[in-house]
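One structure is given below, encoded as structure tokens.
Just so you know, all these numbers are worked out from the coordinates, no wet-lab data involved. Since the model is a prediction, treat every value here as computed from it, not as a measurement.
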Amino acid sequence: MLTGSTEVQVRPGVEGDIGPLTDLYNHYVRETAITFDTAEYTPQERLPWLLSHPEDGRHRLLVAQEVPGSRILGYATSSAFRPKAAYETSVEVSVYLSPDAGGRGIGTLLYKRLFEALADEDVHRAYAGITVPNEASVRLHQRFGFQHVGTYGEVGRKFGEYWDVAWYEKALEPGTV
């Protein structure tokens, strides 16, 4: 895919990506309420997260990188929704973009590829928790057919403020995107 003058490649995340992925995530930890993590990670601390997303199965990590070059522009994941066994066919999805990569269609490309990959997996529902306000994320999820199913009011405190999280749900049926 071309975005501006840059080609973007989407591929599974690999262990060698841990440094740039950690740096990207730490930006959101430091600067935003998008994640409720409040302390930055080292790459070593973040490695178990990366390794919990194999190249196949329900839990994926897809990385968007510039070509030519190798700068990571963002990533999308599908992760366990809750740890109990009955939730195994539900996933929580998310997209994180480099601060200068927004508005270029990279989040859309990452989700398109993620949902294509999940189409052949035994996944029934995808969920996304969005700290509000975040209109760009709401629009992205709505574009992919997510429906708002509820909001947890003032569920997290970060930067001395309480934040609401809006929950969105998407039905996934095998063989569909």
For segment 2-171, calculate the relative contact order in percent as a whole number, restricting contacts to Cα pairs under 8 Å that are 6 or more residues apart.
-> 19 percent
Per the helix-only model, the chain has a calculated mean residue ellipticity at 222 nm (DSSP H runs of ≥4, -39500 (n - 2.57) each, divided over all residues, rounded to the nearest 500) of -7500 deg cm²/dmol
Calculate the all-directions average of the projected area of the chain's alpha-carbon convex hull, and give it in nm².
-> 10.1 nm²
Name the residue, out of 84, 158, 112, whose mean-square fluctuation peaks in a Gaussian network model built on the chain with Cα pairs under 10 Å.
-> 84
